[in-house]
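Student: First the structure, then my questions, so here it is.
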Amino acid sequence: MVAIDGPAGSGKSTVAGRVAADLDVPHVDTGALYRAAALAALRAEVDLDDGPACARALEAHHLEWVDGRTRLDGEDVEDEIRGPEVTEAVSRVSAHSEVREALTPSQRRAVEEAGGVVEGRDIGTVVLPDADVKIFLTASLEERARRRAEQTGRTDLETLVAELTARDAQDSDRALAPLKQADDAVELDTTGRSVDEVVAEIVQRAHAAGGDALAAHRSLPKVAVVGRPNVGKSTLVNRVLGDRVTIVEERPGVTRDRTEHLADWVGRHFLVVDTGGWEHAASGMAARIVEQAETAVADADLVLFVVDATVGAQEDDERYARLLRRSKVPTLLVANKVDGDRQEPMVHELYSLGLGEAHPVSARHGRGIGDLLDEVLERLPTASTVTPDEHAVPHVAVVGKPNVGKSSLFNRLLGEERSIVDPVAHTTRDAVDTMIEIDGQPWVFVDTAGMRRKYRHGEDTELYSVDRTRGAIEQADLVLFVIDASEPLGEQDQRLAAMLRDAGRGVVLVCNKWDRVDEDRRGELEKELDRLLSFASWAPRVNISATTGRGVRRLVPQLGLVWANYRRRVPTRVLNEVINDATTRVPPPRDGNRSLKVRYATQAETAPPRILLFGNGRLPAGYRRYLEREVRAAADFTGVPLLIEDRPSSRRRG
């Protein structure tokens with residue numbers, strides 16, 4: 001998000017439009033929006049000095065800024081809002097706090113999902129205080145007057161200078177959101193500089209502010225949380241993060257994978273790595289869990305070795321303490337389950353582990369966590385000054401029913417065994433987030449737990465895994481929907497497909513275990529996909545074998561295609577041409593004695609794309625599906641759900 005502030009005549013609108021085009025993000029002209037608010041008040045014939053009435057008049061309309069033009073309920077009002085009547089009224093309407101408050105949410109929504117450039121006189125201070133880049137444009141009064149003269153055709157430069165001086169004083173002295181430079185804004189004096197030069201500098205700053213999220217992520221110090229099973233490691237991780245991000249249960253062995261989470265304490269960021277329990281002489285899956293914990297220690301800048309203070313140092317604790325001392329990785333000994341003063345004496349018994357003073361905490365109740373985190377920051381290397389903007393990187397959830405090969409695919413994509421792979425279903429319990437780079441493009445992949453058909457009483461862990469899977473889908477941008485192509489599709493596949501459809505995420509259908517599919521099964525699979533998975537017609541499909549790697553290399557290009565389509569914005573002119581052609585060939589059905597018409601169409605959102613149709617009534621669902629097919633035929637929305645909504649509108653003129 002780029003916020004551009006500055007006084008009248010500093011070039012905000014021209015520069016903002018060019019910057020938005022270069023960054024391929026929306027441009028929001030705040031001045032035009034305020035003019036449209038004034039027009040709405042004029043059309044409603046309300047008292048322009050009545051703030052609440054002006055705000056209500058604005059809220060009764062759909063206001064948007066599309067392709068450099070202002071639209072009110074789909075009507076292009078760009079020329080009308082530049083006329084003398086609106087020009088005279090806008091200062092009175094925009095002075096009302098109710099109007100400014102009514103406009104601010106819409107300005108923010110316009111750039112929240114896909115980013116954007118917003119310009120005005122209080123953008124960096126009020127509208128987008130958390131913008132990635134804040135620019136305050138200035139220019140000499142003479143330069144600003146010259147630009148204004150070019151725009152208006154006037155020749156009285158001295159009068160224009162006087163008008164701009166008065167406008168600056170008015171903007172700076174107003175009670176609500178006075179014009180001022182945000183503390184963290186960069187001032188750019190545009191006097192004597194070309195538009196190209198100014199735009200290039202802002203675009204460069206935007207790219208630099210976005211940074212390399214992957215590099216920033218990698219630069220953060222890592223804190224690995226290790227210990228025997230059921231000593232409270234995941235509870236401690238949840239307490240540090242301030243959220244329930246890992247599964248916690250009384251019985252041991254619930255945490256199996258190695259998971260990374262972004263944490264911060266008093267403004268410093270670091271990664272917390274949760275691990276499964278260390279067990280001596282483990283075999284089978286338990287041995288792989290131990291390997292994950294040891295890998296976490298090897299990669300860590302600091303280790304939190306968690307011990308249950310209520311039972312003292314066990315034989316396994318002593319064994320792992322010796323390993324940590326030999327590893328030379330800085331280690332803090334954490335005595336957990338010290339819920340009160342009565343447990344304090346137990347902490348002293350842990351000195352025998354040879355890891356220095358134990359830090360008493362109660363992960364369940366939060367006791368001592370602040371002191372522990374203060375010590376963590378003292379032991380960590382200097383944190384990166386760049387906070388990874390993981391929202392700028394596409395998040396891909398890997399979902400599917402249990403045992404279809406999600407974790408095998410996840411590990412194949414990562415090039416390492418990050419998720420535990422075992423032939424026993426339900427091995428993965430947590431959603432595992434990992435940022436990686438493939439062919440220069442950073443991605444965040446999320447491996448999720450499988451969804452069982454039914455839950456038996458008391459299986460809280462499995463129920464929470466389903467919640468985490470649902471949460472991972474809702475937070476993702478794209479989804480790799482993995483099915484077992486060698487087996488018939490069933491109810492669980494359908495339930496997941498419905499969840500994906502409702503979530504509105506980009507989808508790539510992955511048919512795994514293709515090496516087990518014979519000719520007969522291929523024919524059956526095609527029929528099942530047509531019958532059971534309704535979105536299969538628009539989701540790209542890749543046939544793979546995660547165990548052998550066959551076809552896996554084709555996944556990333558498909559993800560790139562869907563990611564581009566997920567953020568695609570169809571120009572309003574093109575969209576209206578498509579809709580007009582479609583409605584001409586197949587007119588909307590009649591609503592009783594009335595002929596339904598679509599007057600105007602606009603794409604309101606991306607990620608996922610949402611198209612609004614303005615007409616004189618509600619269109620039947622079947623006709624909206626017809627229009628969706630027509631739009632898909634004209635623009636590439638492969639892999640992306642396309643939302644078509646109708647908005648019956650009426651204009652009221654004074």
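The values are calculated or read from the model by the stated rules, or taken from the named source; none is laboratory data. Predicted model only: the values in this text are computed from it and were never measured. Glycine also receives a Cβ, built like all others from the backbone with ideal geometry; neighbour counts cover every protein chain displayed. Ligands, DNA and RNA are stripped out before the accessible areas are found, and what is left, the full protein with its side chains, is counted by its heavy atoms. Shrake-Rupley method; radii C 1.70, N 1.55, O 1.52, S 1.80 Å.
Student: Pick from 508, 517, 479: which is of a type in the set (Val, Ile, Thr) and more than 30 Å from the chain's Cα centre (by Cα)?
Tutor: Result of the check over 508, 517, 479: 517.
Student: List every residue pair whose Cβ atoms lie under 8 Å apart, where the two residues are 6 or more positions apart in sequence or sit on different chains, the first residue falls within segment 351-370 and is within 19 Å of residue 232 (Cα to Cα) and open to solvent by 30 Å² or more (accessible area, probe 1.4 Å), and the second residue, located anywhere, is in a loop (DSSP other than H, G, I, E, B) and charged (D, E, K, R).
Tutor: The qualifying pairs are 364/337; 364/339; 365/339; 367/339.
Student: Only one of 35, 100 is among the basic types (Lys, Arg) and open to solvent by less than 30 Å² (accessible area, probe 1.4 Å). Can you tell me which? Break it down into steps so the answer makes sense when it comes.
Tutor: On the way: 35 fails: open to solvent by less than 30 Å² (accessible area, probe 1.4 Å).
The match here is 100.
Student: Considering 608, 588, which residue is in contact (Cβ under 8 Å) with a residue 40 or more places away in the chain, buried (at least 18 other Cβ atoms within 10 Å of the Cβ) and in a loop (DSSP other than H, G, I, E, B)?
Tutor: Exactly one residue qualifies, and that residue is 608.
Student: Restricting attention to strands (runs of 3 or more DSSP E) lying wholly within segment 1-81, give those where 2 or more residues are of a type in the set (Val, Ile, Thr).
Tutor: In segment 1-81, 2-5 are the strands (runs of 3 or more DSSP E) which contain 2 or more residues that are of a type in the set (Val, Ile, Thr).
Student: While we're here: In segment 525-536, how many are open to solvent by 100 Å² or more (accessible area, probe 1.4 Å) and either part of a loop (DSSP other than H, G, I, E, B) or among the acidic types (Asp, Glu) (or both)?
Tutor: Going through segment 525-536 one residue at a time, the tally reaches 1.
Student: Hey, another quick one. Only one residue in 92, 69 is surrounded by fewer than 23 Cβ atoms within 10 Å (Cβ to Cβ) and closer than 30 Å to residue 611 by Cα, so which one is that?
Tutor: Just a single option satisfies the conditions, and that option is 69.
Student: Inspect segment 564-572 for any residue being out of contact with any Ser or Thr (no Cβ under 8 Å at 6 or more places or on another chain), hydrophobic (A, V, I, L, M, F, W, C) and open to solvent by 60 Å² or more (accessible area, probe 1.4 Å) and give the result as yes or no.
Tutor: no
Table: residues versus (1) at pLDDT 80 or above; (2) among the aliphatic types (A, V, I, L, M); (3) under 31 Å from the mean Cα position of the chain (by Cα).
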| position | (1), (2), (3) |
| --- | --- |
| 24 | no, no, yes |
| 29 | no, no, yes |
| 33 | yes, yes, yes |
| 45 | yes, no, no |
| 58 | yes, yes, yes |
| 86 | yes, yes, no |
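Student: Could you tell me which residue of segment 321-346 is farthest from residue 298 (Cα to Cα), considering only residues that are open to solvent by less than 10 Å² (accessible area, probe 1.4 Å) and modelled with pLDDT under 90?
Tutor: Looking at the filtered set, the residue picked out is 321.
Student: I've got another one for you. Please go through segment 502-531 and pick out each residue that is among the β-branched types (Val, Ile, Thr) and over 20 Å from residue 560 (Cα atoms).
Tutor: 517
Student: Among the residues that make up segment 618-628, is at least one of them surrounded by 14 or more Cβ atoms within 10 Å (Cβ to Cβ), of a type in the set (Asp, Glu) and in a helix (DSSP H, G or I)?
Tutor: Yes - at least one qualifying residue is present in segment 618-628.
Student: Could you check how many residues of segment 543-582 are closer than 24 Å to residue 628 by Cβ and in contact with a Leu (Cβ under 8 Å, 6 or more places away or on another chain)?
Tutor: 6
Student: Scan segment 491-519 for residues that are out of contact with any strand residue (DSSP E or B) (no Cβ under 7 Å at 6 or more places or on another chain), open to solvent by 20 Å² or more (accessible area, probe 1.4 Å) and not in a helix (DSSP H, G or I) and jot them down.
Tutor: Once the filter is applied, which keeps residues that are out of contact with any strand residue (DSSP E or B) (no Cβ under 7 Å at 6 or more places or on another chain), open to solvent by 20 Å² or more (accessible area, probe 1.4 Å) and not in a helix (DSSP H, G or I), segment 491-519 yields only 518.
Student: Residues 303, 297, 290: which one is within 26 Å of residue 241 (Cβ to Cβ) and either in contact with a Cys (Cβ under 8 Å, 6 or more places away or on another chain) or modelled with pLDDT of 85 or more (or both)?
Tutor: Going through 303, 297, 290 in turn, the sole match is 303.
Student: Looking at this structure, is residue 61 in contact (Cβ under 8 Å) with a residue 40 or more places away in the chain, out of contact with any Pro (no Cβ under 6 Å at 6 or more places or on another chain) and more than 30 Å from residue 200 (Cα to Cα)?
Tutor: On the way: in contact (Cβ under 8 Å) with a residue 40 or more places away in the chain: no; out of contact with any Pro (no Cβ under 6 Å at 6 or more places or on another chain): yes; more than 30 Å from residue 200 (Cα to Cα): yes.
Considered against the rule, which asks whether it is in contact (Cβ under 8 Å) with a residue 40 or more places away in the chain, out of contact with any Pro (no Cβ under 6 Å at 6 or more places or on another chain) and more than 30 Å from residue 200 (Cα to Cα), residue 61 comes out as no.
Student: Which numbered condition in (1) in a helix (DSSP H, G or I); (2) within 24 Å of residue 403 (Cβ to Cβ); (3) in contact (Cβ under 8 Å) with a residue 60 or more places away in the chain is the only one that residue 522 fails?
Tutor: Result: residue 522 passes all but (3).
Okay, residues lined up against (1) assigned to a strand (DSSP E or B); (2) modelled with pLDDT under 75; (3) open to solvent by 50 Å² or more (accessible area, probe 1.4 Å); (4) on the phi > 0 side of the Ramachandran plot:
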{"position": "130", "(1), (2), (3), (4)": "no, yes, yes, no"}
{"position": "135", "(1), (2), (3), (4)": "yes, no, no, no"}
{"position": "146", "(1), (2), (3), (4)": "no, no, yes, no"}
{"position": "172", "(1), (2), (3), (4)": "no, yes, yes, no"}
{"position": "181", "(1), (2), (3), (4)": "no, no, yes, no"}
{"position": "192", "(1), (2), (3), (4)": "no, no, yes, yes"}
{"position": "203", "(1), (2), (3), (4)": "no, no, no, no"}
{"position": "207", "(1), (2), (3), (4)": "no, yes, yes, no"}
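Here's the yes/no breakdown for (1) of a type in the set (Phe, Trp, Tyr); (2) free of Cβ contacts under 8 Å to residues at least 24 places away in the same chain; (3) out of contact with any His (no Cβ under 8 Å at 6 or more places or on another chain):
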site: 38; (1), (2), (3): no, no, yes
site: 45; (1), (2), (3): no, no, yes
site: 49; (1), (2), (3): no, no, yes
site: 56; (1), (2), (3): no, yes, yes
site: 72; (1), (2), (3): no, no, no
site: 84; (1), (2), (3): no, yes, yes
site: 97; (1), (2), (3): no, no, yes
site: 105; (1), (2), (3): no, yes, yes
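Student: May I pose another question? Has segment 551-561 got at least one residue that is charged (D, E, K, R), open to solvent by less than 70 Å² (accessible area, probe 1.4 Å) and either under 23 Å from residue 641 (Cβ atoms) or in contact (Cβ under 8 Å) with a residue 12 or more places away in the chain (or both)?
Tutor: Among the residues of segment 551-561, not one is charged (D, E, K, R), open to solvent by less than 70 Å² (accessible area, probe 1.4 Å) and either under 23 Å from residue 641 (Cβ atoms) or in contact (Cβ under 8 Å) with a residue 12 or more places away in the chain (or both), which makes the answer no.
Student: Which ones in segment 443-485 are modelled with pLDDT of 50 or more and more than 28 Å from residue 560 (Cβ to Cβ)?
Tutor: Listed by number, the residues that qualify are 466, 467.
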